[in-house]
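One structure is given below, encoded as structure tokens.
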């Protein structure tokens, strides 16, 4: 559900940038003075894990579409809502800057749509109340599915609203909404089940992580084991399991195609065009692979096979995970440094 710049006007995109920056500032203030030593490396490793997990699109049977894990709710469960939003921001920033996944003008919208709703709405108002007081596995699964569905429904509707307000795509509001909401209902169901499964596994193997709060500090032995397991999972997901990603368009791309959207290039908008040029120069792994050589484009089209075993995809997954780990870790360290300076 990463929006591209072609869907947004500068006014709407800029407004969403302001909203995202304000949300980041709010989360940073809430974390100030509350980040324990164990939280900073965990933020980095979980960011790498979510980056890698987002590379694996799953097919939605009978639709010709696919979806992928957003990760916001999972991060909120393991890190708390405010640290989770910062990690989502790290993931989306790396994706936009170095992989051309989501536009630079649209980065603020993507932060709100994919970060705010799961981390600051679904988790505190649905998941946490439903799982309070030692909830059973069944209740945790229900809470995860409900939270993921609600977050994605809000996110999908926000995409429709932002696109309509921009007025560039010329898509009928009702038609676009009637395509976006049902397809993301299915994606939300799968994300909720995956989130519940991961949380259950973590609870069995590393129960201390489910007790993680910004003030919690696990023992060094526990922390190292947990980080090692999550790091290995991120490397496997990005380096090998990403070969098995569905080739079908994701929910947003599918809805746009069904609604008859055609991207228009360079129609007098200097800001989107300039940002697109910057993004093309920065993207070291466009579309999560090596930059295609002209002579290899036709060959790459001819060898559409599944699984798509590709060194470029593996390299992109590992490098992207590493970049996300560094960005999320730096964000956490800066917050800890500010906390110490103001103490």
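The values are calculated or read from the model by the stated rules, or taken from the named source; none is laboratory data. Bear in mind that the values here come from a model prediction, so they are computed numbers and not experimental data. All Cβ positions, glycine included, derive from the backbone under ideal geometry; neighbour counts span all protein chains shown.
Structure notes:
- Condition check for residue 106 on (1) buried (at least 21 other Cβ atoms within 10 Å of the Cβ); (2) in contact (Cβ under 8 Å) with a residue 40 or more places away in the chain; (3) within 11 Å of the chain's Cα centre (by Cα): one failure, at (3).
- Residue within region 19-27 that is modelled with pLDDT of 95 or more, in contact with a strand residue (DSSP E or B) (Cβ under 8 Å, 6 or more places away or on another chain) and surrounded by fewer than 22 Cβ atoms within 10 Å (Cβ to Cβ) present: no
- Under the condition of being under 12 Å from the mean Cα position of the chain (by Cα) and not in a loop (DSSP other than H, G, I, E, B), the residues counted in region 59-83 number 5.
- Residue among 90, 66 that alone is in contact with a strand residue (DSSP E or B) (Cβ under 8 Å, 6 or more places away or on another chain), modelled with pLDDT of 95 or more and either surrounded by fewer than 22 Cβ atoms within 10 Å (Cβ to Cβ) or over 17 Å from residue 154 (Cα atoms) (or both): 66
Here is a yes/no grid of residues against (1) out of contact with any helix residue (DSSP H, G or I) (no Cβ under 6 Å at 6 or more places or on another chain); (2) more than 22 Å from residue 186 (Cα to Cα); (3) modelled with pLDDT of 90 or more; (4) assigned to a helix (DSSP H, G or I):
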position	(1), (2), (3), (4)
238	no, yes, yes, yes
243	yes, yes, yes, yes
246	yes, no, yes, no
253	yes, no, yes, yes
263	no, yes, no, no
271	no, yes, no, yes
290	no, yes, yes, no
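- Residue 132 meets all of the listed conditions (1) surrounded by fewer than 19 Cβ atoms within 10 Å (Cβ to Cβ); (2) assigned to a helix (DSSP H, G or I); (3) modelled with pLDDT under 95 but one, namely (2).
- Considering region 218-234, the residues that are surrounded by fewer than 18 Cβ atoms within 10 Å (Cβ to Cβ) and over 15 Å from residue 325 (Cα atoms) include one that is modelled with the lowest pLDDT, namely 219.
- Exclusive hit being in contact with a helix residue (DSSP H, G or I) (Cβ under 9 Å, 6 or more places away or on another chain), surrounded by fewer than 14 Cβ atoms within 10 Å (Cβ to Cβ) and either modelled with pLDDT of 80 or more or in a loop (DSSP other than H, G, I, E, B) (or both), set 307, 286: 307
- Options 42, 35, 24, 46; residue that is part of a loop (DSSP other than H, G, I, E, B) and within 22 Å of residue 323 (Cα to Cα): 35
- Subset of region 49-58 [touching a helix residue (DSSP H, G or I) at 6+ places or on another chain (Cβ under 6 Å) and assigned to a helix (DSSP H, G or I)]: 49, 50, 51, 52, 53
- Given (1) touching a residue at least 60 places away in the same chain (Cβ under 8 Å); (2) farther than 20 Å from residue 314 by Cα; (3) out of contact with any helix residue (DSSP H, G or I) (no Cβ under 8 Å at 6 or more places or on another chain), number of the condition residue 21 does not satisfy: (3)
- Screening 13, 47 for residues that are buried (at least 24 other Cβ atoms within 10 Å of the Cβ), closer than 23 Å to residue 313 by Cα and in contact (Cβ under 8 Å) with a residue 24 or more places away in the chain leaves exactly one candidate, 47.
- Single residue of 80, 38, 62 found to be without any contact (Cβ under 8 Å) to a residue 24 or more places away in the chain and over 30 Å from residue 167 (Cβ atoms): 62
- For region 162-181, a residue qualifies if it is without any contact (Cβ under 8 Å) to a residue 60 or more places away in the chain and surrounded by 14 or more Cβ atoms within 10 Å (Cβ to Cβ), and the qualifying residues are 164, 177, 178, 181.
- Options 169, 177: the member that is outside any helix (DSSP H, G or I) and more than 18 Å from the chain's Cα centre (by Cα): 169
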